[in-house]
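Reading through the C-alpha cells given below for one structure.
Derivation of every value follows stated rules applied to the coordinates shown; laboratory data play no part. Values in this document were obtained by computation on a predicted structure and should not be read as measured data. Cβ: placed from backbone, ideal geometry, glycine included. Neighbour counts: every protein chain shown.
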Amino acid sequence: MGTVTHSSAYHKITALSQDRTNNRMTIHISIYKDAAAKAGDKAPVGSASFRVDDSFDTYYANVVLDTENQNHVERSYVYLKTLDDYSGASDV
C-alpha cells in the first residue's frame, strides 16, 4: 500500500500497548479527515500502528518520564515526530 498525504489530516493516539518484559510499546493511531471530523465524532478514515523496540528506554524509561515530566501518551507523540511518516507534523 502506498503512502497518502493529506495536509489537514488529524492523527490521534487511541491506545498504547506496553510490553515491559520485552521493552516494547505499540502506538495505535486513529486517522481523521481533519480536526473538525474528530471534534464532530465522525468515524476515522484510517488507522495505523507503530511499534517502538530499540528506542523504548529512550522514550519510556521511568527516569525519562520523570525528567521530561510527561506521560506515556505525550512521549509517544514525541517518538512519532522522529519518524519519516510524521516529518513536518504539527501539534494542534
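Say we look at segment 35-60 and pick out the residues that are among the charged types (D, E, K, R) and within 23 Å of R24 (Cα to Cα); which of these is nearest to the chain's Cα centre (by Cα)? Outline the logic, then answer.
So the first thing to find is which residues in segment 35-60 are among the charged types (D, E, K, R), and the list is 38, 41-42, 51, 53-54, 57.
Checking which are within 23 Å of R24 (Cα to Cα) leaves us with 51, 53-54, 57.
Details: R51: 10, D53: 14, D54: 16, D57: 16 Å.
Looking at the filtered set, the residue picked out is R51.
So, of the residues in segment 83-92 that are part of a loop (DSSP other than H, G, I, E, B) and of a type outside the set (D, E), which turns out to be nearest to M25 (Cα to Cα)? Give the derivation first.
Residues of segment 83-92 part of a loop (DSSP other than H, G, I, E, B): 83, 87-92.
Still in the running and of a type outside the set (D, E): 83, 87-90, 92.
Working: L83: 15, S87: 20, G88: 23, A89: 21, S90: 22, V92: 23 Å.
So, considering only residues that are part of a loop (DSSP other than H, G, I, E, B) and of a type outside the set (D, E), the one nearest to M25 (Cα to Cα) is L83.
Only one of S7, S17 is of a type outside the set (D, E) and either in contact with a strand residue (DSSP E or B) (Cβ under 6 Å, 6 or more places away or on another chain) or not in a loop (DSSP other than H, G, I, E, B) (or both); which?
Working: S7 fails: either in contact with a strand residue (DSSP E or B) (Cβ under 6 Å, 6 or more places away or on another chain) or not in a loop (DSSP other than H, G, I, E, B) (or both).
Every option except S17 fails the conditions.
Just checking, does segment 37-47 include any residue being surrounded by 11 or more Cβ atoms within 10 Å (Cβ to Cβ) and of a type in the set (D, E)?
Kept after step one, since they are surrounded by 11 or more Cβ atoms within 10 Å (Cβ to Cβ), are these residues of segment 37-47: 37-38, 42, 44-47.
When the remaining residues are screened for being of a type in the set (D, E), the result is none.
No, there is no match, as no residue in segment 37-47 is surrounded by 11 or more Cβ atoms within 10 Å (Cβ to Cβ) and of a type in the set (D, E).
Going residue by residue through segment 69-82, is there one that turns out to be more than 13 Å from the chain's Cα centre (by Cα) and outside any helix (DSSP H, G or I)? Write out each step before concluding.
The first filter runs over segment 69-82 and keeps only residues more than 13 Å from the chain's Cα centre (by Cα), leaving 69-70.
Narrowing further to those that are outside any helix (DSSP H, G or I): 69-70.
So far as segment 69-82 goes, yes, one or more of its residues are more than 13 Å from the chain's Cα centre (by Cα) and outside any helix (DSSP H, G or I).
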>> Residue pairs, Cβ under 9 Å, 6 or more apart or interchain, first in segment 75-86 and in contact (Cβ under 8 Å) with a residue 24 or more places away in the chain, second crowded, with 16+ Cβ neighbours inside 10 Å and of a type in the set (K, R). List them.
In response: none
